[in-house]
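One structure is given here, and the rest of the page talks about it.
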Amino acid sequence: MPDNIAVFATVILLLPMIYFLLAAPAFLLVSLDIRSVALLMRVMFNGYFLTLAIAGAVGAVAVVLDGRPLLAVGIGLVAALAAASRRWFLRQIDARISDRDPGDADDARRLRWLHCGGMLSNAIQLVALVAAIPRIAIVPA
């Protein structure tokens, strides 16, 4: 029998992850030399990490109230990682945007590496969460 609270917590974590998985690759098609494009990417990262941290916190509280503290710790770790990643990524993106010289290819390249690193981080978390669904959804005996 599936555990509805655990499934709910998993789904609210999956939604921002899937959004980022679909939205982030679009920035591979545009030049990050354009300031407004780089700022839009920053907004996307901010929204993703903030939404994931909030969804993780809500999911962890719901699951712990349901009596599954180990699962709550796992979901809480996702929320904590999102909060820490948000702070780090935004600081790095801001540094790349504010320090850039017009026409400096290295600044755009470093911003592109941050973008790819964010996509990789999301993909790893998404794969781990999807792989854990069979264990999450079943009520422990």
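Scale the Cα Rg of the stretch 4-131 by the rule-of-thumb value 2.2 N^0.38 Å and send over the ratio, two decimals.
1.16
Principal-axis analysis of the Cα atoms of the chain puts helix 4-23 at an angle of about 20° to the longest axis. Counted by neighbouring Cβ atoms within 10 Å, the residues 124, 54 run from fewest to most as 124, 54.
Centre-to-centre, using Cα atoms only, the stretch 30-55 and the stretch 105-120 are separated by 12 Å.
The dipole here belongs to the stretch 48-119: it is taken about the Cα centre, uses +1 on the Cβ of Lys and Arg and -1 on the Cβ of Asp and Glu, and is about 140 debye.
Around the Cα centre of the stretch 1-92, unit charges on the Cβ atoms of Lys, Arg, Asp and Glu (plus for the first two, minus for the last two) sum to a dipole of about 360 debye. Only Cα pairs within less than 10 Å get springs; with that Gaussian network setup on the chain, which residue of 38, 84, 60 has the largest fluctuation? Most flexible of the set in this elastic network: 84. In a fully extended conformation the segment linking residue 123 and residue 90 would gain 10.0 nm over its present Cα-Cα distance, using 0.36 nm per residue.
Highest GNM mean-square fluctuation, the chain, Cα pairs closer than 10 Å: which of 56, 117, 67? Looking only at 56, 117, 67, the largest GNM fluctuation is found for 67. Placing unit charges on the Cβ atoms of the charged side chains and taking the dipole of the stretch 4-131 about its Cα centre, the candidate lying farthest along the positive direction among 82, 57, 67 is 67. For the stretch 20-79, the Kirkwood hydrodynamic radius comes to 13.2 Å, computed from all pairs of different C-alpha atoms.
Label zone of residue 109 (point 7 Å out along Cα→Cβ, amide N under 20 Å): in the stretch 15-53 this covers 28-35, 38.
None of the figures in this text is laboratory data; all of them are computed from the coordinates on show. As the structure is a computational prediction, the values presented were derived from the model and not from experiment. Counting neighbours? That spans all protein chains shown, and the Cβs are built from the backbone with ideal geometry, glycine included.
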